[in-house]
Amino acid sequence: MKNIFKDILKGKCIIVGVGNVLRGDDGFGVTLIERLKGNEKVMCINAGSAPENFAGKIVKEKPNTILIVDAVHMDLNPGESEILKKGDIVRSGFTTHNISLNMFIDYLENETGADVYLLGVQPKSVGFGEQMSNSVKKTLEEIVDLIRKVFMQ
């Protein structure tokens, strides 16, 4: 399997995990960040359910690439993932967070000039108090491994 992350994670990278671990599969983004922490070659930000609160910190870092990781309703099978650019997000569905991801990405692109991507994973359930589904856990493990390989070279 080709590692798509090798093609997009270029230069100074920031990975921003979005989500809420108390809402089942919605915790995908922040759990991914927790698993990647400690790698000095990439900045990882756990943005919780309010990524806009970290916009200033991201801009200040002057990254070349920003990867936002979130559970996104895309009419796929639970656990399936896609890497989306801003224009793809409009047609992909919605997230469970306060700010429009398109607005957030617009801001980051305008302020940093970085390439901004959204790694969306299709949730099975985002109900309060639920555990992450097995299909999303499996995807999480695969993606953590792929991203680690990019930064271990």
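Throughout, read-outs are computed from the coordinates displayed, never taken from laboratory work. What you see is a predicted model; the values in this text were computed from it and never measured. Please note: Cβ atoms are built from the backbone with ideal geometry, for glycine as well, and neighbour counts cover all protein chains shown.
Of interest is the spacing of the C-alpha centroids, which for segment 1-58 and segment 119-153 amounts to 11 Å. Considering only 70, 106, 25, the Gaussian network model of the chain with Cα springs below 10 Å gives its largest mean-square fluctuation to 106. Label-to-label distance, residue 151 versus residue 106, with points set 7 angstrom from Cα along the beta-carbon direction: 3.0 nm. Considering every alpha-carbon pair of segment 9-89, the percent of pairs per 5 Å bin, from zero through the bin containing the longest distance, is 3, 14, 24, 26, 21, 9, 3, 0. For segment 4-95, the relative contact order is 34 percent, taking Cα pairs closer than 8 Å that sit 6 or more residues apart in sequence and dividing their mean separation by the residue count. Using the Stokes-Einstein relation with a Kirkwood hydrodynamic radius computed over Cα pairs, the translational diffusion coefficient of segment 103-153 at 25 °C and a viscosity of 0.890 mPa s comes to 180 µm²/s. Its residue count N sets the reference 2.2 N^0.38 Å, and the alpha-carbon radius of gyration of the chain equals 0.95 times that reference.
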